[in-house]
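Only one structure is covered here, and it is reproduced in the block below.
What follows is calculated from the coordinates using simple rules that are stated; it is not laboratory data. A quick note: this is a predicted structure, and the numbers were derived from the prediction, not measured. Here the Cβ is made from the backbone with ideal geometry for all residues, glycine too, and neighbour counts use every protein chain on show.
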């Protein structure tokens, strides 16, 4: 069977072939160019800027070429959109059908799902990557009410976990609740239903919840205990010596765990767009009041439509602002209207270096080098990312909702501590979340 070679594989093969041909040239001179990443619409991997030159007087350093090929293989950046896949959404009672729309566009229908709480039918389609944008544009032009776009891939907004440690080994780094102004767990006066679109939560972590309901939408588990860490930051039982106790500040929630994270071919955590929408719909069917999304994806029209429909059915949606840095661009759902996007700061109140920046960011919370308990670890691990700032805001809003207090962005900012520069800014929004002495 002949296997298709990926663009990256063709690029490396071209480099190596070029090197082999050039070694026979009688005269040599070194060049120092480095191949650039191809834009998504360019299909010829041989056309790039500054690559290995050919002609009289050119020398190729074979060691450099092989090292370049190895680096390209090792630095395989996860795709923002699933190659060759599209997502569409129509009203559940629409006269249109995904099968007919797929046939009209010359695409293959992969899967269809009716989302009853959202009143949508969504489908995943497949086509040739090079032709797909044009086919989608034709469908949009023919059906203006149709939501259709490239299918994004969803990722945890977290860095790789750093060293494991017991909480008492480094008291200064157990700082999150201190910065927020929370001295001890505060049991809710009545339970609040908090939904997580995340990995499968392991109850062995020691959750202080009134109930845990889990639906496993994706296979493959949670490679890095991401969902478990997020849940723990909301409502874990106290752990560690009295002077350095870790705790989730809002025990007593009902936790609705939509386990949408799976693994890609390299074992990295990711989620299908259709699975995320399934998880969102399930959470609404269970009566979720708060939704925490510590995942993120590149923008697309179907996600925008689904979250716009979900927003009025929830008291608040809290999302990780993103880990794309100053030039990373918007991350969904954080950048969508009505969503509370949470940035991360460190123990010295400095913005997270890799945090996304933009006018969609509403508030900041600790999220850099947080010590978080882990199942099977020696105590826990230090974690960084906006993934871990978002649940601290969710814990705060659970307290307010349990007391029938407003849970919008304005109520957060009324309590927030302004961080430099003065006033709202694209790194930390209106400032650092602050927990009042009493609600």
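Computed quantities for the displayed model
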quantity	calculated
Cα gyration tensor of the range 271-360 - equivalent ellipsoid semi-axes, whole Å, descending	24, 14, 11
Per-residue Cβ neighbour rank within 10 angstrom, fewest leading, 363, 260, 122, 215	215, 122, 363, 260
Normalised contact order of the range 288-366, rounded percent, pairs of Cα under 8 Å and 6 or more residues apart	30 percent
Rg [Å, one decimal], Dmax [Å, integer] - the range 227-293, C-alpha atoms	15.0, 45
Residue order, fewest to most beta carbons within 10 Å, for 430, 232, 413	413, 430, 232
Percent of beta bridges antiparallel (DSSP, the range 156-415, rounded to nearest 5)	30 percent
Relative contact order of the range 87-137, defined on C-alpha pairs under 8 angstrom at six or more residues apart (%)	40 percent
Percentage relative contact order, the range 156-415, counting C-alpha pairs under 8 Å, at least six apart	25 percent
Exposure proxy ranking, count of Cβ atoms within 10 Å, fewest first, for 143, 178	178, 143
Estimated inter-spin distance, residue 143 and residue 114, nm [label 7 Å along Cα→Cβ]	1.7 nm
Theoretical gain in end-to-end length, residue 100 to residue 411 [0.36 nm per residue, Cα-Cα removed]	107.3 nm
Computed over the range 81-153, Cα set: Rg, Dmax in Å	11.3, 35
Rounded, prolate or oblate (a/c below 1.5 giving rounded, otherwise prolate when a/b exceeds b/c) for the range 156-415 by Cα gyration tensor	rounded
